[in-house]
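In what follows, a structure is listed as structure tokens, so that the remarks can point back to it.
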Amino acid sequence: MAGMVIIFDFDKTIIDCDSDNWVIDQLGATQLFETLLPTMPWNPLLDRMMAEIHAQGKKIYDISEVLKKAPLDRHVASAIRYAYALGFDLRIVSDANVFFIEEILKHHGLIECFTEINTNPSYVDGDGRLRISPFHDFTISSHGCLLCPPNMCKSKIVERIRSEGKKIVYIGDGKGDYCPSLLLGHGDFVMPRRNYPLWDLIQSDPSLVKAEVQEWSYGEEEERVLLQIIRRSEYVDGYRPEMLPPADCKMGLMPGKAHEPLQKALRVPL
Ligand SMILES: [Mg+2]
Ligand SMILES: [Zn+2]
């Protein structure tokens, strides 16, 4: 296993939209969502919206079908498959929810590339309604971080991953990705999406971020920047630049079984 963990946010980082907004908009519940938004925190509001959607006769199947249509750039899929094939440890830290993320990743054949999906729990109840609960149960106690929403401080998760001793690449776009970006140190990388809240926050005082910052703006650039970091990585034993795919390479065609020999060939001794 290459000695670097690549942590992805999900919304607007792996998919090119916000999955919560996508489902609500596609199922015609935008107006109600906007009415309720000023009155409730985001995470409980999503659970409430799933109740409303269910009451309107929409089934889990309808939510799944909508999720399958969420835009996911083929370059991002390529980058994920390629980093996985090289033996990198890929994880997700997201304020979406398990159901949304798993449905989308399964649809694109990417779910097996990730060793962890850290996000808000969700399940389908006996009535066929999707229930969404907070990752951190703020009704019991606060996570104590003032930068983050009450249901999730991503730093608490990234801190645990860092304690495993590997260097980190963190890719994100949102406000919630700022707190974990501040946690990273020398030798780590942050990849903020240009002109999105994480990038703005980093720009406001770059000296606060110790990790190397490499920005990107769209899927193709996200892939290129990530592969450049991988190319520079000293953590891939036996890595050669020619292993990088050409820019238009369709890594999606790589069969799952082909991963194993490549992974073994590149594994570094612990
Ligand atoms: Mg995001
Ligand atoms: Zn935080």
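The values are calculated or read from the model by the stated rules, or taken from the named source; none is laboratory data. Bear in mind that the values here come from a model prediction, so they are computed numbers and not experimental data. With ideal geometry, Cβ positions are generated from the backbone for all residues, glycine too; neighbour counts draw on all protein chains shown.
Some notes on this structure:
- Residues (more than 9 Å from ligand 2 (Cβ to nearest atom) and in a helix (DSSP H, G or I)) located in region 141-186: I157, V158, E159, R160, I161, R162, K175, D177, S181
- Any hit, region 167-190, residues being touching a His at 6+ places or on another chain (Cβ under 8 Å) and hydrophobic (A, V, I, L, M, F, W, C): no
- Residue check, W22 more than 20 Å from L226 (Cα to Cα) and surrounded by 18 or more Cβ atoms within 10 Å (Cβ to Cβ): yes
- Qualifying positions in region 1-50 - out of contact with any helix residue (DSSP H, G or I) (no Cβ under 9 Å at 6 or more places or on another chain) and within 16 Å of ligand 2 (Cβ to nearest atom): P41, N43
- Qualifying residue in region 201-212 (condition: among the hydroxyl-bearing types (S, T, Y), assigned to a loop (DSSP other than H, G, I, E, B) and either assigned by TED's automatic domain parsing to the domain that holds I63 or away from ligand 2 (no atom under 16 Å from the Cβ) (or both)): no
- Qualifying position, being touching a Lys or Arg at 6+ places or on another chain (Cβ under 9 Å), in contact (Cβ under 8 Å) with a residue 12 or more places away in the chain and farther than 14 Å from I6 by Cα, among V93, V98, V124: V124
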